[in-house]
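Beneath this line is the structure, given in structure tokens, with notes to follow.
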Amino acid sequence: MTHHIKLQDGTVVDAIDAYLDGLMTASQIVEFEKTLGQQEELRGELKRQQRIDESLAKQFAPPDGALTRAVIAQAAADTSDGGNGSGTFRLFARGFVVAAALAMAAVGVWRIADFYTADEGPSASGVIPAWSSETTLADAYRVAEKNEFKPHWVCKDDAEFSDVFAKSVNQPLLLAQSSGVVPLGLGYAHVITERTLMLLVRVDGRGVIVFVDKLNYDPGLTVPEDVDLRVFRRELGRAVLYEVTPLDGERVLDAFYDPSQK
Amino acid sequence: MRSVQHAQPNADGSPHAGVSVGPFNFAAEYRRSFNILWRIAVGVMGDAALAEDVVQEAAIVGLRKIDQFQPGTNFTAWMAKTVKYVALNHNRKEQKHGRKGDSSEFIEQVPEQAPSVRLADGTQRERGGAGFDERVSCALDEVGQMARTCLLLRTLDGLEYSEIASLLGIPPGTAMSHVHRTRKLLRQRLAATHGPLGADRGDAL
């Protein structure tokens, strides 16, 4: 049975909604609570609604936003370096990068790479520009190579590393230690999507990149035959991984694992 | 009712006096608005895992267009438009690639029953799960994007209907109507699936 009440403006609404929304007058509240005491069905309805609200709060709790803050900072840095904006904007963006870095450092989420405080701007400090135009695996590799495989950021521990992948590609991932493989850090490139994650590593002293993105966006990537690079592909849960390497065989892909499966 | 500082417009939708997004406080303003913007994104997308992608992309767009923001006006309302735009674009792309049902309008559209729902942690939940939370979520999938967004902003962010109206560009009465109808639908669905009070397999209300 649905109970309705008339609000002061003449609108007729469900009594439970009016009660929860604080739309009742004092006398209507007294009357409604009296009815609640008398009608088990109405009491059940109200309890059900309260439990639904609790469920919504649990299911739709927003993330901490750390990834978004990092992305904002990176985009500001990239924009300021891209030469597309006005002078004012470029000045703003540089200031913003510092401010964002301070804000993020304050919450201790990311270990920010030095580009956030670099006076010359991100590219001058050797950071690979992200949010740039769509690029190929080979081109992204060449850009990274030119920048000496300097990452955008370094995770402070395994939990953070795993979380980055969980949030970016909906698949937590960790990297097992392997001989000759030295992880350098993470970055973004516009390869599969605008936010394809890159793990930059040194393998036997050579720069290798593993590009990771959501499997359902995977178009199937290769490198041209005339390029002196090889590509190896692996699917892992909801993620697709491409290892781009100057070496003859893949050395990193197999070291990835899903921590929830261990 | 919870108070939401900064992130809400004035009750009449007028500019939020005193909030000026200058060069150095975009991040701070965005952080203050983040929860509301994320909830708008998840309301439109119906997918918690994609919502953060959307707010990230919207942040980039907002940052690039910051010179169009008028100091002294409401930052959250300004960004809310961008979040909606990005989320709808995202939906269209998904639709184009056949990964999502029709979701071209941010209004009364009622999506078909999706086969599964992705949660904030990226896990995929199949429809028809026995848990209360799953049933709430499945029932929520039956309502349109606007109704879902209004409900989340009202229930979880404690926004007044006038504030929701201002953020989403709809009349306050429509926002209230969306919330009330959606609550009722959820209660009906949960009553239907869980039966009367206390009858849901020890999962008493």
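One table, with the values for the structure above:
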| quantity | calculated |
| --- | --- |
| Residue list for region B:34-75, filter: more than 8 Å from every other protein chain (Cβ to nearest Cβ), of a type in the set (Val, Ile, Thr) and within 18 Å of the chain's Cα centre (by Cα) | B:Ile36, B:Ile40, B:Val44, B:Val54 |
| Residues located in region A:229-246, provided they are closer than 15 Å to A:Ala144 by Cβ and out of contact with any helix residue (DSSP H, G or I) (no Cβ under 8 Å at 6 or more places or on another chain) | A:Thr245, A:Pro246 |
| Pairs with Cβ under 8 Å, 6+ apart, first in region B:150-161 and within 10 Å of another protein chain (Cβ to nearest Cβ), second among the charged types (D, E, K, R) and part of a loop (DSSP other than H, G, I, E, B) | B:Asp157/B:Arg2 |
| Residues that are without any contact (Cβ under 8 Å) to a residue 60 or more places away in the chain and surrounded by 23 or more Cβ atoms within 10 Å (Cβ to Cβ), drawn from region B:162-175 | B:Ile164, B:Ala175 |
| Unmet requirement for A:Val182, which otherwise passes all of (1) in contact with a Lys or Arg (Cβ under 9 Å, 6 or more places away or on another chain); (2) assigned to a strand (DSSP E or B); (3) buried (at least 16 other Cβ atoms within 10 Å of the Cβ) | (3) |
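Laboratory data are not the source of any read-out in this text; all were calculated from the coordinates shown. Remember, predicted model here, so these are calculated numbers, not experimental data. Cβ atoms come from the backbone with ideal geometry, glycine included; neighbour counts cover every protein chain shown.
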